[in-house]
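To start, the structure itself, in structure tokens.
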Amino acid sequence: MFVPNMGQFERKKSVRTGICGDLARGYTGHMHEPLHIENVTKSYPAPVGRVEILRGVSLAAEPGETVAIVGPSGAGKSTLLHIAGSLDQPTAGSVKLGETEVTALTGRELAAFRARKVGFVFQDHHLLPQLTALENVLLPTLTVGRKADDETRARTLLERVGVAERADAFPAQTSGGERQRIAIARALINGAGLLLCDEPTGNLDRDTGAAIIDLFLELAADGVIVLMVTHNLELAARLGRCYELRNGLLAPAAPVQGGSQ
Amino acid sequence: MSLWRLITRSLWHYRRTNLAVLFGLAVATAVITGSLIVGDSVTGSIRDTALLRLGKTRIAVIARHPFRAQLADELAKYIASLPKGNSQPQPVYAPVFSASGMVIRQESGAAVPNVAVLGIDERFGRLFPKETIPALSGRDAAVNAALARDLGVRTGDTILLTIGKNGAIPAGNLFADRSRDKLLRTLRLRVAVILSNRGAGGFTLANGTLPPRNLFLANTYLCTALEMSQQQANMLLIEGDDYHTPTLPLWDRLLGREEETQSRPTPDSVVAAFMPSMFYPLWQPADYGLQVTPHGNTLRVQSDEFVLPEATVSAARQAAKAHGGSVSLSSVYLAKTISTAIPGVKYDVPPPSLAYALVGAVEPGQQFTFTAGGGPALSKGGIWLNSWAAEDLHIQIGRSVTLEYFVPEPDGSYRTEAMPFRVEGIVEIAGPAADRNLVPPLKGITDTDTIGEWEAPFPLDMRRVTPRDDEYWTKYRTMPKAFISLDAIRAMWRRDDPKADWVTTVQVQPPHGMSPAAFSPKFTPDFTNQLDGYIRFLPVREQAQAASRATTDFGELFLAMSFFLVLAAVGLAAMLMRLTVERRAAEAGIMAACGFGAGQVRRVLWGEGLLLAVAGMLLGVPLGLGYAAGVIFALGSWWAGAVGGAALWLHLTAGSLVYGGVSGLMIGLLAMMWGTWSLGRRQVLELLAGWRAAGLAPGKSARVVVSLFLGGLLILAVLLIVLTTGGKAPAEGVFFGVGALLLCAGICGGYLVLARWLHAPLTSPTLARLAMRSAAANRGRSLLVMGLLAGAGFIIVAVAANVRDFSRLDVHRKDSGAGGFALRAISTVPLPVDISTAAGREHLGFSPEDETLFKDVSIYPLLYSGGDDISCLNLAVAQKPRVVGISPAMAKRGGFTVLTKVKTADPWSLLQSDKAVFGDADSVMWSLHSALDGKVTLNGSAEQRDGYFAGLLPGSIFAGELLGSEDHFRKLYPEITRPRYYLIETPRGQEAAVAEALRRNLGDFGLEVRGTRELLNAYARVQNTYLSTFLALGGLGLMLGTLGLVIVLLRNALERRKEFALLLAQGFTERELAAMLVIENAGLLVAGLLCGTVTALIAVAPHLASVSARVNWGALVGVLLGILAVGLGSCGLAARAATRGRLLEALREE
């Protein structure tokens, strides 16, 4: 079984660089932690018996790493991402973020885990239409208790992702790229060390998609682990590592010309 | 960012939907609050009406026998002489003489029977300080507005009042007057003033919601007109120390000031209970219609009624015994003749005889002086003649004489009975034999100078009166000519009625050595004190307040009738909330992904819901006031039949506003919780994906559960029929239950059909199949539409089909609600003779032509108490239900359908039990809140008796009264001896002619004749109005439901715009898309409506088969088609909205 190189990066397990990271950590005060996905399997009941989507997938990522996962539709990419972010439970195996055994969490612990340590960015941005960009970014702060500097940090994050001037606009008044950037800012407001991106550029044009990847790389520089699922091999190649999920197994993806870190 | 901001932002963002939710919640709150206010208003109006009618009257003293009006002054003086605990002013004691009469306006011929005639003085007016009641004198009368309206009179008009004279001697007594002239008195009066029904004009002690017909006269004039020796009264109204203010401002009520006035320290019932002790010393025997007079060495107790009731005799005996005295009884009777002739023997020369001789009977021990024969006591067949009689009869000791005497017949005639006696002694006219006061005073007889002047009710043949007879009368007046034993005279009194009273005088012997004058102050108060039932002290205000609870809680009733409206409003709100939540599933998903726990996500939605519910409450409560005002207005106009025409006006209590508001709030919260409930059960990923997609296909287990449920419903329906009928035709209630079960089964069936369509392969798609699949895919919405229409159809058909009309009822059938009687008559003044016989009718003046008409008519006269109406026409709680005494003849005849616990072929025989009572099934259930075998308390004039319902008569003409045996009745109302209630069987087609003849001949007795169909329809009108009300409120609910339906269909169609755009891209035309939508929704509408209609028809099948069913099929079909049209219109609107405009943009979005 292929096991990705967990020691590919010799950097410290905790990183304290970059404005985004500082902002995020400034809230929670904790260091970013490494991600360990070990031997995760996932199967679903089906009329023809159980279908195994993931068959013992393992993956490790250190803070600051960017990882892309590609693969055909239905291969289980999103499932792996959801399991990593505690939105789904594996049939077997474990997911650890730092010392936290994610698969062992239940109920409120799970919600608290998602609130403080994980940020999600979806293909469909899922912004709340009734809230402005700034309010959407501030939404997760409701889960961890409000702080005096919440708004400052949110504005800084919006500035960092390049949509500061759209802070008071409602989602319906923004473009697809802007919405996705707002969603990224929202994912980071509580200082998440793990950014899980499910086809974040799927609805975006090439240039906007590239700009989003640039943003991910900048965030990674701040110590955030970026785990991205995409069909776009070109964009995937720009991330630190790229794996292909096929037949429930993870394997290094074939290199794509023009891809770089 | 805060939770509050998130909630308010969401509320604003989804404001259109939220406004619709708010509307639904406000309507629900308004209807609940309004219904409670309607309940308050009915109760408050009944209470206000009752208390306004009583004015300041707190306690009423009711006497069976008229008493001196002067007693009121004596009482006032007595109370004033008592040491005062406080400085309160002297209360008013208002004597009133009350009787019943009939009023006619000659100009128009309008006649109003059963008018309460009240003889009053200025003290009555003082009980109503807020009104100006002019002093009445002479022929000036005040009438209330209700009577004035019925008669069509104005101030200054002349009216004729026919009133029953106060005949003291009970019917059945030899000396009782039975001629029309003696019993009725007609007075020509001038309407001096018309009083409002609210207030003094509506004065009544009965607990009813309809205004009485009242006529007020000066008591002095009335008593004179009725030939009373002095001013008398039979009612004493005693003022309370506070005055009810019905127009108390709303805020005073809300602040509970009304409560303050009600919380007086001593309840009236307690005051009424101790009042007798205060009154009895003042009450004189004459006030009971009794005389206690010293006579020789005895006190003599006699009655205006000529004979003393058994209870009075017993009271005298006990009072005498208590003070060491003793009593002896005596009686007198009138002999038509005392003759030496032997019955059956013809004489050429008639043997000597005495005509119209009084015969006495005394207990042994009297000191008679005999000229011949004699002894200490008479044998039963023995007779002592006084010397005058013996001389006239030329008789000796040991000879036989025949005593002929009159026995009054019910038909007004007098038959002659004979009794043989053996002469055992001749007594001197001295001592006890010379006692002319042994005969109680009889106006028109004992006060005349000659026999020829007698105004006797029985026929007098003056040819048989000899000069000797007249000479005796002139010389000795009422001294009996003969004495017989007590047994013999009792047998004469009880010739036809073995329970008839017979003692005419009780002689009270004081203890040895005490004079009657000294004994009287000891004996008399104690004696009158023991006369139970003569005088009653009624806490009338307390009773009125108790009665104002209303037989039915109108708050609950209107809440029930508005159920569909509340359901529709809440359903609309909940459904919109749910749709909103569905629409916002992904929103909830992203919140969960952001770290919101399920509870936190729910809190956001609940926060929105809570704000909406609070806003709905704040908006709904004032709207509820408007709703209540509308209903009260309707109850005073279009729905007046539901409350029997009672006057109602708006009343508010803080409780109803709070309960209504809180109920609306709770319902809003429940609706919100239902709307958001399924959110908590969804996984984050499901929410993110949008939950409608997640829950599209029903699982197999769900289908199995629904199938089992459907099977269970069908089995239950079959079992219900089999188990409850035992082979007979099922009852209406069973059918209704079966219909309701089938309705639920139909909706379950709909679910299964939709599930089947979802799984059926769509190999050759057509528009219809696509529509079916679409309906199946949106099964929640589809079932909602179908269920709504099915429910609406069921309720509308079931309700509309239940309207009753007895116009075609065969009243001649003995098992019908009319019991075979075509007419029912109630007389204001009891008829003096038996109208059921030809002789009685002749006595009453019926012509031979009339008699031909009455040849095949059967009349059943029944004793009737009057009192509180217990039918649905009276909203107030009956405190003293009317009672009809069922005569043995009526019980023997039977008739009606009587439901009994005991299986019997002769249910009327159950009334023989002392406590058995029959009642109309609906009245017993709804007005008295009892049931078969349930208890009932009968408040008679003499006593309060507990009884039980031995039989119930469904849908009968006896809805207003209870039925008991005649014996039972007499114990309750010993003073009522003549029937007033008549059930009349007529040949088919002669009802109108018989009714007309009765009215023509007995109009002056105030006979009110009504057809039994008309009576039954009057009761049915209440139910029919309720049904109309239910339909009207249900219709409002349906409108709201339809609004919800439009919203749901529109939402559904708009949500599927991308789907339609795709189909458009595939080559479908907009027309085809619209057709598909219409097919889908119209199918659901028709299926729902059919399901509801068919199951409702099953539910009401037994009623439809009955003759009382009166279904306006045209209107019903019209309503159903209207619903269908509105539904189809909604479909068309939804289809047009969904397929119009920028569909391709939707496709681009896809």
Just the number, please: percent antiparallel of the DSSP beta bridges in the protein assembly as shown, rounded to the nearest 5.
75 percent
Note the full-extension length gain between B:ARG1010 and B:ASP348 as 0.36 nm times their separation in residues minus their Cα-Cα distance, in nm to one decimal.
232.6 nm
For the B:ARG188, B:MET666 Cβ pair and Förster radius 60 Å, calculated FRET efficiency rounded to 0.05 is 0.35
The range B:823-1014 - convex hull of the alpha-carbon atoms, volume per residue in Å³:
112 Å³
Please pull out the direction-averaged projected area of the range B:56-243, using the convex hull of its alpha-carbon atoms, in nm² to one decimal place.
12.0 nm²
Is there a simple number for the mean count of other chain Cβ atoms within 10 Å of the Cβ of residues in A:106-114, and what is it?
4
Positive end of the dipole of the protein assembly as shown, charges at C-beta (+1 Lys, Arg; -1 Asp, Glu), about the Cα centre: which of B:SER41, B:ALA99, B:THR1139 has its Cα farthest in that direction?
B:THR1139
Per residue of A:118-127, other chain Cβ atoms within 10 Å number on average 4
So what's the gap between the Cα centers of the range B:865-939 and the range A:167-227, to the nearest angstrom?
84 Å
Anchor B:LYS814: lysines whose Cα lies under 22 Å away (excluding residues fewer than 8 positions away in-chain):
B:LYS728, B:LYS855, B:LYS892, B:LYS901, B:LYS903
Hey, with R₀ at 60 Å, roughly what FRET efficiency would B:LEU1128 and A:ALA92 work out to, going by the Cβ-Cβ distance, to 0.05?
0.60
Relative contact order (%) - the range A:151-230, alpha-carbon pairs under 8 angstrom, separation at least six
30 percent
Can you work out ³J(HN,Hα) from phi for every residue in the range B:184-197, in order, using Karplus 6.51 cos²θ - 1.76 cosθ + 1.60 and θ = phi - 60°, giving whole Hz and x for Gly and Pro?
10, 9, 10, 10, 8, 10, 10, 6, 8, 7, 10, 9, 5, 5
Return B:TYR1019, B:TYR14, B:TYR627 ranked ascending by Cβ neighbour count within 10 Å, so the fewest neighbours appear first.
B:TYR14, B:TYR1019, B:TYR627
Pull out a ≥ b ≥ c, the square roots of the eigenvalues of the alpha-carbon gyration tensor of the range A:155-240, then state rounded if a/c is under 1.5, prolate if not and a/b is larger than b/c, and oblate in the remaining case.
oblate
Which lysines, if any, have their Cα less than 17 Å from the Cα of A:LYS42, not counting same-chain residues under 8 positions apart?
A:LYS77, A:LYS96
So what is Rg over Rh here for the range B:931-1034, counting just Cα atoms and using Kirkwood for Rh?
1.05
Dipole of the protein assembly as shown, Cα-centred, from +1 at each Lys and Arg C-beta and -1 at each Asp and Glu C-beta, to the nearest 20 debye?
3160 debye
If you average the C-alpha positions of the range A:34-108 and of the range B:423-473 separately, how far apart do those two centres end up, in angstrom?
126 Å
Each residue of the range B:316-327 in order: what ³J(HN,Hα) in whole Hz does its phi give by Karplus 6.51 cos²θ - 1.76 cosθ + 1.60, θ = phi - 60°, with x for Gly and Pro?
5, 4, 5, 5, 5, 5, 4, 10, x, x, 9, 10
Which order do peptides B:630-638, B:612-620 fall in by mean Cβ count within 10 Å, highest first?
B:612-620, B:630-638
Residues with amide H under 5 Å of A:THR66's amide H, sequence separation 5 or more or different chain, H placed in the peptide plane at 1.01 Å from N; which?
A:VAL226, A:GLY240, A:ARG241
If each residue's Cβ is checked for other Cβ atoms within 10 Å, how do B:ILE397, A:ILE53 rank with the fewest at the top?
B:ILE397, A:ILE53
Just grab the label-to-label distance for B:HIS759 and B:SER179, each label 7 Å out from Cα along the Cβ direction, in nm (one decimal).
9.6 nm
Largest-first semi-axes in Å of the equivalent ellipsoid built from the Cα gyration tensor of the range B:964-1115 are 64, 17, 14
Which residue, chosen from B:LEU1031, B:GLY1044, B:PRO350, occupies the Cα position most advanced towards the positive end of the dipole of the protein assembly as shown, where the dipole is computed from +1 (Lys, Arg) and -1 (Asp, Glu) charges on Cβ about the Cα centre?
B:GLY1044
Calculated from DSSP H runs of 4 or more alone, at -39500 (n - 2.57) each and per residue, what is the 222 nm mean residue ellipticity of the protein assembly as shown, nearest 500?
-13500 deg cm²/dmol
Given the candidates B:ALA434, B:SER400, B:ALA500, the one whose Cα lies deepest towards the positive end of the charge dipole of the range B:326-509, counting +1 at each Lys or Arg C-beta and -1 at each Asp or Glu C-beta, is B:SER400
Built amide H within the under 5 Å cut-off of B:ASP834, gap 5+
B:ASP411, B:GLY412
Less than 12 Å Cβ to Cβ from B:MET102, Lys/Arg counted +1 and Asp/Glu -1: what total charge do the surrounding residues give?
+1
Three principal axis lengths of the protein assembly as shown [C-alpha, angstrom, descending]
162, 74, 59
Using the Cβ atoms and a cut-off under 13 Å, what net charge is assigned to the surroundings of B:LEU217, where Lys and Arg are +1 and Asp and Glu are -1?
+2
Diffusion constant of the range B:326-509 at 25 °C, which comes from Stokes-Einstein with the Kirkwood Cα-pair radius and 0.890 mPa s, µm²/s:
148 µm²/s
Spin-label model distance (nm) - B:ASP150 vs B:LEU19, 7 Å beyond Cα toward Cβ:
5.6 nm
Could you quote the convex hull projected area for the range B:463-608, Cα atoms only and averaged over all directions, in nm²?
26.4 nm²
Give me B:THR369, B:THR312 sorted ascending by neighbouring Cβ count inside 10 Å, so fewest comes first.
B:THR369, B:THR312
Long-range amide H partners of A:VAL40, meaning residues 5 or more apart or on another chain whose placed amide H is closer than 5 Å, are A:GLY56, A:VAL57, A:SER58, A:SER94
Among residues other than A:GLY248 whose Cβ falls under 14 Å from its Cβ, what is the net charge (Lys/Arg +1, Asp/Glu -1)?
+3
Across 10 Å bins from 0, what is the distribution of all Cα-Cα pair distances for chain B, in whole percents?
2, 8, 14, 17, 16, 13, 10, 8, 6, 4, 2, 1, 0, 0
Projected label distance in nm at B:ALA654 and B:ALA629, using a 7 Å step from Cα toward the beta-carbon:
2.3 nm
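Each reported figure results from applying straightforward, stated rules to the coordinates on display, with no laboratory input. Worth saying up front: this structure is predicted, and the values here are computed from it rather than measured. When we count neighbours, we look across all protein chains shown, and the Cβ atoms used for this are built from the backbone with ideal geometry, even at glycine.
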